[in-house]
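Enquirer: This structure is in structure tokens; I'll ask about it shortly.
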């Protein structure tokens, strides 16, 4: 497996890895030439979980090129398997941290960025481990084209508010403006693994959608 150069906290493999490890030879390293060959529209998903959501979206929306990454091997390999089984030419996934990929991506490249249920690291001493932070948003802003969107979903209210503040700091325009519209049930159902876990625990879900208008 490719190892991230950045520090990462959490599991890297799960129970299904042994059934998927034969697909490791299909993994790719990011290069500028790879991204140059992918035509628009392009949507980035940071943290693809079990790989099923991004695979299903690529299957249903074959006019959009989906690019995803995750340090959790099982989901990345599952997405690769789904891509092979369904001949998905519009799906590319990396077993890497997002910070390892973005240096190879041109500015103003993505039409959309999705961050669905990132690890909230709820304990105060662990919050610095959160992926969606100032440094990442600063870089993502350069990689997102004008009028591009960011969708963010979580079941952690603190993470949600911190992320929302970041969007205001970088002058993103909220497309769901009022607190009532922050409720997740106003958003399209995502059907991700972590969404289902949150619902099973009766957690309240939040999301926001913003656009970069500059």
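Enquirer: If we sort 34-45, 141-152 on the protection proxy, mean other Cβ atoms within 10 Å, highest first, what's the order?
Expert: 141-152, 34-45
Enquirer: Also: For the chain, compute Rh as the Kirkwood radius over C-alpha pairs and then the Stokes-Einstein diffusion coefficient at 4 °C and 1.567 mPa s; write the answer in µm²/s, rounded to an integer.
Expert: 74 µm²/s
Enquirer: Let me ask something else. Give me the number: length gained by fully extending residue 52 to residue 200, i.e. 0.36 nm times residue separation minus the C-alpha to C-alpha distance, one decimal in nm.
Expert: 51.4 nm is the gain from fully extending residue 52 to residue 200.
Enquirer: Quick check: Cα centre of the range 142-167 to Cα centre of the range 53-109, how many Å?
Expert: 20 Å
Enquirer: What order do you get for 70, 85, 100, 119 when you list them from fewest to most C-beta neighbours inside 10 Å?
Expert: Lowest to highest Cβ neighbour count: 85, 119, 100, 70.
Enquirer: So how far apart, in nm, are the two label points at residue 170 and residue 34 if each is 7 Å from Cα heading toward Cβ?
Expert: 2.2 nm
Enquirer: Which length gain, in nm to one decimal place, applies between residue 22 and residue 104 when the Cα-Cα distance is subtracted from 0.36 nm times their residue separation?
Expert: 26.8 nm
Enquirer: Ok, one more. Let me know the shape class of the range 39-150, please: from the alpha-carbon gyration tensor, a ≥ b ≥ c as square roots of the eigenvalues, rounded when a/c is under 1.5, otherwise prolate if a/b is greater than b/c, or oblate.
Expert: Oblate is the answer for the range 39-150, as a/c is 1.5 or above yet b/c matches or exceeds a/b.
Enquirer: Hey, what did the chain get for relative contact order, percent, Cα under 8 Å, at least 6 apart?
Expert: For the chain, the relative contact order is 20 percent.
Every number here is computed from the coordinates shown, using simple stated rules; none is lab data. Only a predicted model underlies this, so the values are computations on that prediction, with no experimental measurement involved. Note: ideal-geometry Cβ built from the backbone for every residue, glycine included; neighbour counts use all protein chains shown.
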